[in-house]
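Participant: Starting off with a structure, shown below.
The values are calculated or read from the model by the stated rules, or taken from the named source; none is laboratory data. The structure presented is a predicted model; accordingly, all values stated were derived computationally and were not measured. Backbone-built Cβ (ideal geometry, glycine too); neighbour counts: all protein chains shown. Keep in mind that these areas ignore ligands, DNA and RNA; they rest on the heavy atoms of the full protein, side chains included. Shrake-Rupley method; radii C 1.70, N 1.55, O 1.52, S 1.80 Å.
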Amino acid sequence: MLDPFSGSATTLLVAKSLGIDAVGIELMSVCHLTWDAKSHFQEYDLDELSRVRELLASSRPADSGVTFPHIRITRGAFSPETERDIMFYTTWVERLDVSPATRTLLRLLLTSILEEVSYTRKDGQYLRWDYRSAKVQERNRARLEQGRPPVKKVDFGPLPGVKQALLRAFDSVMADIRKLQALPFRESKQELIRGNSLFVLPELPAARFDGVITSPPYCNRYDYTRTYALELAYLGEGDNIFALRQGLLSCTVENRPKLQVLREHYRSLGAEARFERILEVVQNNPAFREVNEALQLRWQRGDMNNRGVLRMVEQYFTELTFIFAEIYRTSKSGARVAFVNDNVRYGGEVIPVDLLTTDLAVRLGFEPLKVYVLPQRKGNSSQQMGKFGREALRKSITIWRKPHA
Ligand SMILES: C[S@@+](CC[C@H](N)C(=O)[O-])C[C@H]1O[C@@H](n2cnc3c(N)ncnc32)[C@H](O)[C@@H]1O
């Protein structure tokens with residue numbers, strides 16, 4: 001199996017639990033930490049974990065003298081006490097006399113609770129901030145001085161302490177490990193490659209995979225480097241956030257074109273002709289052109305407030321076409337490919353991502369098998385709904401097959 005957008009490595013984990021060899025590709029360090037911890041589920045020593053749990057329960061956080069490696073957008077995310085406790089447990093974990101696997105698991109546990117003990121919540125494109133955070137307090141003070149009303153009050157209610165959240169996460173993970181360890185085990189190999197799938201896939205040998213299950217970023221302007229800012233900063237990736245953002249599949253208005261660098265990469269692999277062929281597939285696709293023209297029209301009519309969306313949409317489908325083409329090349333005949341994606345809407349224009357991507361895939365040689373429509377909890381963005389009316393946006397899984405030669 002292949003998952004070129006592995007995220008928290010669900011595909012790899014399920015493959016492992018079923019004894020299926022798998023390869024994942026992922027850019028973000030937080031996902032690699034997740035996989036490093038998950039991939040050892042068979043090796044965890046439950047006695048050791050129980051001992052650590054007891055130590056954790058009897059621990060008393062104090063000042064460690066270590067500070068949280070904040071970046072601009074995470075500053076003020078914790079109360080002083082919470083921040084002190086996070087850093088206390090960070091050093092506590094590093095000093096424990098435990099196996100490397102257990103230490104990795106503890107690092108993941110700490111990373112996983114950052115959001116719930118903070119004044120922030122992941123919310124689409126951004127982090128939402130509680131009114132108690134220093135950031136909101138300062139903003140409101142400045143507004144007051146200018147005679148403006150305070151920003152709308154957001155209150156996440158009582159927040160758990162670090163130790164309490166850690167214990168809860170610990171228990172939930174222990175229960176998972178017990179369940180997973182009870183499953184029948186078949187030897188298999190999984191690997192999570194750290195890198196950009198646009199650049200990694202062209203380097204992989206042809207006809208290697210029997211199947212692909214993946215969920216790329218959606219074309220919805222959500223920026224993982226913003227929503228995961230706390231975790232990335234905590235893991236020391238603060239200085240790398242800009243490069244990381246630019247590396248991700250283009251799905252924000254801030255993404256710069258990667259086509260030139262990609263062309264050079266293909267050239268360095270002696271595969272320039274392949275690059276040009278793929279580019280031609282997307283640029284000559286009538287449905288893709290229609291989408292771009294429709295958005296252009298909406299922009300000219302003043303229905304859109306950000307011109308960057310036009311470039312984002314164009315880049316998104318262009319980059320995805322490269323992914324599809326490389327999946328085709330690296331798949332064996334008969335391989336099935338499953339993509340999870342959401343349709344999106346800009347300036348009132350619905351972009352049928354599932355049908356457009358399937359059309360692009362067909363032009364690369366895939367055979368379309370099915371589009372499963374998933375139950376959708378969210379509707380349109382409130383902004384789009386208010387202005388253009390409600391229209392259900394599909395969330396789908398598209399299934400394609402590489403035909404037998
Ligand atoms: C929708 S999430 C995948 C979720 C995943 N199925 C899971 O189980 O968590 C998309 C992932 O793609 C990653 N990603 C985006 N662009 C990438 C790229 N060019 N190369 C590698 N990974 C990328 C993001 O960091 C994110 O983790």
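Participant: What is the set of long-range amide H partners of PHE5 at a cut-off below 5 Å, with H atoms built 1.01 Å from backbone N?
Facilitator: ILE25, SER215
Participant: Additional query: On full extension of the chain, what length is gained from VAL154 through SER268, given 0.36 nm per residue of separation minus the C-alpha to C-alpha distance?
Facilitator: Gain in length upon complete extension: 35.9 nm.
Participant: Can you tell me the Rg and the Dmax, both Å, for the Cα atoms in the chain?
Facilitator: Cα-based Rg and Dmax for the chain come out at 23.2, 72 Å.
Participant: Compute the accessible area per residue over segment 256-405, keeping the other protein chains in place, probe 1.4 Å, unit Å².
Facilitator: Here the per-residue accessible area is 50 Å².
Participant: Next question. Counting helices only, and only those DSSP H runs with n ≥ 4, report the 222 nm mean residue ellipticity of the chain as the sum of -39,500 (n - 2.57) divided by its residues, in deg cm²/dmol to the nearest 500.
Facilitator: -14500 deg cm²/dmol
Participant: When every alpha-carbon pair in segment 194-322 is counted, what percent end up more than 24 Å apart?
Facilitator: Tail of P(r) above 24 Å: 39 percent of Cα pairs.
Participant: Residue-wise, which Karplus ³J(HN,Hα) couplings in Hz belong to segment 257-269, taking 6.51 cos²θ - 1.76 cosθ + 1.60, θ = phi - 60°, and x for glycine or proline?
Facilitator: In residue order, the calculated couplings are x, 10, 4, 5, 5, 5, 4, 4, 5, 4, 4, 5, 8 Hz.
Participant: Taking the convex hull of the alpha carbon atoms in segment 119-268, what volume per residue do you get, in Å³?
Facilitator: Hull volume normalised by residue count: 199 Å³.
Participant: Another question about this same structure. Excluding GLY195 itself, what net charge comes from residues whose Cβ is under 12 Å from its Cβ, given Lys and Arg +1 and Asp and Glu -1?
Facilitator: Net of charged neighbours comes to -2.
Participant: Give the Rg/Rh ratio for segment 1-89, taking Rg as the radius of gyration of the Cα atoms and Rh as the Kirkwood radius, to two decimals.
Facilitator: For segment 1-89, the value is 1.09.
Participant: Going Cα to Cα from LYS395, which lysines come in below 17 Å? Please leave out same-chain ones fewer than 8 positions away.
Facilitator: Reachable lysines: LYS370, LYS378.
Participant: Then there's this: Looking at the chain, what % of its DSSP beta bridges pair antiparallel, to the nearest 5?
Facilitator: Counting only bridges with both partners in the chain, antiparallel ones make up about 60 percent.
Participant: Using Cα pairs under 8 angstrom and six or more residues apart, how large is the relative contact order of segment 40-180, in percent?
Facilitator: The value is 29 percent.
Participant: Give the relative contact order (percent, whole number) for the chain; include only Cα pairs under 8 Å separated by 6+ residues.
Facilitator: 18
Participant: Per residue, how much accessible surface does segment 39-175 expose to a 1.4 Å probe? Answer in Å², no decimals.
Facilitator: 55
Participant: Turning to a different aspect of this structure: For segment 26-148, just run the numbers: alpha carbon Rg, then divide by 2.2 N^0.38 Å, N being how many residues it has.
Facilitator: With N residues counted in segment 26-148, Rg over 2.2 N^0.38 Å equals 1.29.
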